[in-house]
Every structure is written in structure tokens, then in C-alpha cells.
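Okay, structure first, notes after.
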Amino acid sequence: MSNPNPPFAAALSSRVAGWIALAALACYALVLGWNFSPYAGGADSSGYLNSARLLAAGTLAAEPRIPAEFGPDERVIRQHFQPHGFVPFDGNPKLSPTYPVGVPLHLALAGRLVGWTAAPYLVGLATALATLGLMYAVGRQLGLPPILAGTGAAIMAVYPVFVFMSLQPLSDTPATAWSLAAVWAALRARDRSGWAAACGAALAVAVLVRATNLLLLPALVVLLGLDGRRLALAFLGGLPGALWLGYYQHALYGSAFRSGYVDITQAFGWAYGWPTALHFAQWLALLLPAALLVLPAWLRRRGPARTREALALALWFGTFAGFYSFYEISHEVWWNLRFLLPGTPALIFAGLLGLEALARDRTPDTARRLRLGAALGLTLWAVALGGYWTHRFHLLLTKTYERAYADTAAAARARFAPGTLVVAGLQSGTLLYYTDLPLLRWEFVRPEQFNQFLSRTRQAGRPVGAVLHQIEEAEALQKNCPGAWTRLATVRDFSLWQLDAGAPVSAR
């Protein structure tokens, strides 16, 4: 009797599927690249890019842009001249970056290689595509057949949280890519213990990108097993990254165990747990194929040989979900699921492994049809959800929204005289990146202080302007920094203002 599925036909089918997958990945990269926002926009993206510029220049902290007429006292305080993404620390006359060093290191390296215009594109696209490739690779290492491993990558590709975070130079996608790399290396280390060193190195980079990626450690220990050689190699692999992090934090913040976030422990509380858990469950069910939340129940059918992997998956997702359930802002908006993004692959894999356990209970032909049908159904379900929510949340307009920051900075360069002291809030990090203008943070200035500053700038002949978002204008110009302001220009939701140099100083 002849074989109805000869090896040549199977190989040909596999090659065709591979070429289709590569074509889909290329199209995805083109769409992502076309819509990617490379700008130093809000606090996060400007913070990372400003820090990267410092690293590329061989320094860690920024010189505060304080006009000479403000005297030495302001150089001690510095808070009034602190742009978004920076914070003053006692004992350091400069301004230290707020955000972790991992993403700036990526951007600094890319900036030196391809220039600062292309660097955000390179880092953003490379880490997004690496995430999808590692989704497939980890799925295969976990025992998923190619069609289900590919389904996992496709689900992640259109997951709205992943799409949103991958359209900007932020930490979420790199954090996810390096977490997946650490898991992949840990799985490979089961056969070749040398991969344990790569696991430790990948975890170290993941922690440099986002400190809470250390939550992945319990899952990695489970995957590596209680093997002294593998654990020692993992430790040695992660040691250089840990030493660099300790040096960086000590140099900037005065302690190897202190970060730019200063003290965020007050942002956590038991009262946030239940509402945040409901928020996470609701939005995961809306943004991912909901079947993935049910299918892990069938993981127990995979037998005792897979118990370690099931435990690792539970720890992988559970530690992130548990930790961020008690964070005060996690429940505020849907896209705060980004905090769970490094752990979300575990949820997807658990669902697909549950599906595979169901398939293995069937005859070979039935199992093959079940895998094919389920893969097609889950992929179409995910694509439909991704398309709906991407349109609903205007995710592909992210570039347009963020470009407003860069365009406003360009207008400031054109409209303000050199040396103009610019009152700013939301635009402060962007102005630091795109201009050389000194900045004054309106949120940190009281009216009486502003009047003192204004007297000094007038004596020095320095003009004063402002760049403000519409939501800032009333409080900034009427309450904190009162005066005779004239609107010069408007760029989308931002406006440029000039202070009348001849108007009397307010008596407030």
C-alpha cells in the first residue's frame, strides 16, 4: 500500500508554509515600520532617547540648562529646570535619567551604527520581530507542532497591547523580547548546559530594560532545574549585566540598589488587588482569543513529564500578574496591560499546550484536523480582535500624535530667539532632545518664585516663552507663571507663547 503522504510532499508543504510565514512577517514589518513613531515625544520616549544620547556621548547624567543669572542656589535645587525623564539626586550636580538604562543602551548602540534618525526604527522593529521569532522558537521548544507555534507568534503579532507598544521607542517590547530569549535559552539548556549562560545573560539584559523582569527568575529556575552546573553558568552569564547595573545606579543615584524611580513602594497597596485582577481578566478576554484563558485547564493531560513546564508557565505569567495587581495605576486604562507583556507569552503558550493535549487524545488524522482547524480559528479570531481594537483605539495614529511633539519643538526653534527661557511641562523632554533652549518646569514653580525668576531674566535681557499643551495652559499661565502672555503659534494641541518683556511683574 502506498504512503498517502510521501516525505517529499510533506517537505514541500513545509517549505511552502515557511515561505508564506516569511512573506507574512515581511508584510508585518513593513506595516509596523510605516506606522512606527521614532520621535522623542512623551515622557517615556523622550526620556529613553535623551538618556541614549548621553550614553553615546560617554556620560550618564545631563547638565541642567540653568541660565547664568539664576545663581548657584538654583544649581543646587535643579528641580525647577528638570525636564521629563530626569530627576535630581543629592550629591550629584547633574540631572539623572529616571528610566532604566536598558533601552537607552540599545538606542545608543543603534545611534552610533545607523544615526539617530534611524536608531529608533532599528531598535523598535528588531525587538518586535525578535519577539515574534522567539514566540515560534519557544513554542517549538515547549513541544508545540509548527502550526501551533506559528499560531502563537501570529496571536502575539496582532495583540493590540503589543502593537501599541511596538509603535514607539518604549521598553515594553524589548522587555518581552529579552524575557523570551531567556526562556528559550533555559529550555535549550536542558540538552546543552552551556545555554544556561546565555539564559543568565538574556535575563540580565531583560532586567536592565525593566527591573521587574527579575520576576521571571522563578520560572527560569524551574526550567533549568536544580542542577548546580546549569545554575552556576546562568549566574555567571548574568553577572556582567548585574555589575554594570550596580555601577550605573550607584553612580547616578548613590546606591547600587536605588533607581531613578526613587521610592515607588507607596504606589503599591493591597486595596488595588481585586479591582486590578478584574481589570486584567476583562481586558485579556477582550483583546486575546478568550479560548486561550480556558484551554490551559487541559494542560494536566500532558502527563508528569511536562509538569515542570506547566509550573514554569504558571510562574512566568503569575508573578507578573500578581505583582502588578497591587500597583495603583494598573487598573486605570486598557494599555496598562503592557506591564504584563513580558509574561503574556506564557498565557498564550499555556492555552496552545492545552489545545495540543486535547489533540493528542485523538487519532492521528483527527488530531491533525483539530490542530489545523484550531490554528486557523484562533488566528482569525486574533486578527479580527486586533483589527477591531486597533481601529477603535486609533493605534495606527500613534505616529501622528507623537509627531506633534517633534513639530512643536521645531516651531520653538524657529520662533524663539536663542537663549529664550521656555516654560514647559509635557514638552520639556522633547525640547531637551530637539533644542538647546533652557527650560523651566511650570509645575514646580510658585507664582512668587516665577516673579523672582522673571526679574532676573529681564535684568539679563533674556526673553521668556512657553510651550504648553492645551490642558496645561490655564494652570501654567494664570496660576503658576502669571504674566502678559501672547500666543505665537499652535501646533495641533500645543501652543507657543511669548511673555511681554515690558509688562510689569505681577504683585502676586
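When you scan the stretch 22-75, how many residues do you find that are of a type outside the set (Asp, Glu) and over 17 Å from the mean Cα position of the chain (by Cα)? Quick ask: steps written out before the conclusion?
Step one: filter the stretch 22-75 for residues of a type outside the set (Asp, Glu), giving 22-43, 45-62, 64-68, 70-72, 75.
From what's left, over 17 Å from the mean Cα position of the chain (by Cα): 22-31, 34, 53-62, 64-68, 70-72, 75.
Going through the stretch 22-75 one residue at a time, the tally reaches 30.
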Under 8 Å between Cβ atoms, which residue pairs at least 6 apart in sequence (or on different chains) link something in the stretch 388-405 that is closer than 17 Å to residue 494 by Cβ and in contact (Cβ under 8 Å) with a residue 40 or more places away in the chain with a partner that is crowded, with 16+ Cβ neighbours inside 10 Å and of a type in the set (A, V, I, L, M, F, W, C)? 398/164; 398/167; 399/36; 399/167; 404/491; 404/494; 405/40; 405/494
If I filter the stretch 309-318 for residues that are of a type outside the set (A, V, I, L, M, F, W, C), free of Cβ contacts under 8 Å to residues at least 60 places away in the same chain, part of a helix (DSSP H, G or I) and surrounded by 14 or more Cβ atoms within 10 Å (Cβ to Cβ), do I get at least one hit? yes
Are any of the residues in the stretch 116-127 crowded, with 18+ Cβ neighbours inside 10 Å, of a type in the set (Gly, Ala, Ser), assigned by TED's automatic domain parsing to the domain that holds residue 408 and modelled with pLDDT of 90 or more? no
Which count do you get for residues in the stretch 1-55 that are part of a helix (DSSP H, G or I), over 23 Å from residue 167 (Cα atoms) and modelled with pLDDT under 95? 14
Output the residues belonging to the stretch 164-207 that are closer than 30 Å to residue 381 by Cα, over 11 Å from the mean Cα position of the chain (by Cα) and of a type outside the set (Ser, Thr, Tyr). 178, 180, 181, 182, 183, 184, 187
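Residue by residue, here is whether (1) modelled with pLDDT of 95 or more; (2) in the same structural domain as residue 155 (by TED's automatic domain parsing); (3) closer than 30 Å to residue 46 by Cα holds:
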{"site": "367", "(1), (2), (3)": "no, yes, no"}
{"site": "370", "(1), (2), (3)": "no, yes, no"}
{"site": "377", "(1), (2), (3)": "yes, yes, no"}
{"site": "388", "(1), (2), (3)": "yes, no, yes"}
{"site": "392", "(1), (2), (3)": "yes, no, yes"}
{"site": "407", "(1), (2), (3)": "yes, no, yes"}
{"site": "410", "(1), (2), (3)": "yes, no, yes"}
From the list 247, 253, 272, which one is in contact with an Asp or Glu (Cβ under 7 Å, 6 or more places away or on another chain) and either touching a residue at least 60 places away in the same chain (Cβ under 8 Å) or in the same structural domain as residue 194 (by TED's automatic domain parsing) (or both)? 272
Among the residues that make up the stretch 260-278, is at least one of them touching a Lys or Arg at 6+ places or on another chain (Cβ under 7 Å) and part of a helix (DSSP H, G or I)? no
May I ask you to verify whether residue 338 is of a type in the set (D, E, K, R), in contact with a Pro (Cβ under 8 Å, 6 or more places away or on another chain) and either in a helix (DSSP H, G or I) or surrounded by 23 or more Cβ atoms within 10 Å (Cβ to Cβ) (or both)? no
The number of residues in the stretch 380-390 that are crowded, with 21+ Cβ neighbours inside 10 Å and of a type in the set (Val, Ile, Thr) is 0
Name every residue in the stretch 195-224 that is more than 26 Å from residue 248 (Cα to Cα) and touching a helix residue (DSSP H, G or I) at 6+ places or on another chain (Cβ under 7 Å), in order of residue number. 195, 219, 222, 223, 224
With 393, 349 as the choices, which residue is aromatic (Phe, Trp, Tyr), more than 20 Å from residue 83 (Cβ to Cβ) and surrounded by 22 or more Cβ atoms within 10 Å (Cβ to Cβ)? 349
Members of the stretch 335-366 found to be farther than 23 Å from residue 315 by Cα and either touching a residue at least 12 places away in the same chain (Cβ under 8 Å) or among the small types (Gly, Ala, Ser) (or both), listed by number: 359, 360, 361
With criteria (1) under 30 Å from residue 203 (Cα atoms); (2) free of Cβ contacts under 8 Å to residues at least 24 places away in the same chain, residue 369 comes up short on (1)
Tell me whether the stretch 462-481 contains one or more residues that are buried (at least 22 other Cβ atoms within 10 Å of the Cβ), touching a Pro at 6+ places or on another chain (Cβ under 8 Å) and within 24 Å of residue 61 (Cβ to Cβ). no
Is there any pair with a first residue in the stretch 178-195 that is crowded, with 19+ Cβ neighbours inside 10 Å and a second that is among the hydroxyl-bearing types (Ser, Thr, Tyr) whose Cβ atoms are under 8 Å apart and which are 6 or more apart or on different chains, and what are they? 180/131
Here is a list of conditions, (1) assigned to a helix (DSSP H, G or I); (2) touching a residue at least 12 places away in the same chain (Cβ under 8 Å), and residue 417 meets all of them except one; can you say which number that is? (1)
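Could you go through the stretch 281-290 and let me know if any residue there is in the same structural domain as residue 143 (by TED's automatic domain parsing), surrounded by fewer than 19 Cβ atoms within 10 Å (Cβ to Cβ) and touching a residue at least 60 places away in the same chain (Cβ under 8 Å). Walk me through how you get there before you give the answer.
Here is the first cut: in the stretch 281-290, the residues in the same structural domain as residue 143 (by TED's automatic domain parsing) are 281-290.
Adding the requirement that they be surrounded by fewer than 19 Cβ atoms within 10 Å (Cβ to Cβ) leaves 281-282, 285-286, 290.
Pick out the ones that are also touching a residue at least 60 places away in the same chain (Cβ under 8 Å) and you get 286.
Looking for residues that are in the same structural domain as residue 143 (by TED's automatic domain parsing), surrounded by fewer than 19 Cβ atoms within 10 Å (Cβ to Cβ) and touching a residue at least 60 places away in the same chain (Cβ under 8 Å), one finds at least one in the stretch 281-290, hence yes.
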Of the conditions (1) surrounded by 19 or more Cβ atoms within 10 Å (Cβ to Cβ); (2) within 22 Å of the chain's Cα centre (by Cα), residue 211 clears all except one; give me its number. (1)
Going through the stretch 396-443 in order, the residues found to be surrounded by fewer than 23 Cβ atoms within 10 Å (Cβ to Cβ), small (Gly, Ala, Ser) and more than 22 Å from residue 457 (Cβ to Cβ) are 404, 406, 410
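The values are calculated or read from the model by the stated rules, or taken from the named source; none is laboratory data. Here the structure is a predicted model, which is why all the values come from computation and not from measurement. Counting neighbours? That spans all protein chains shown, and the Cβs are built from the backbone with ideal geometry, glycine included.
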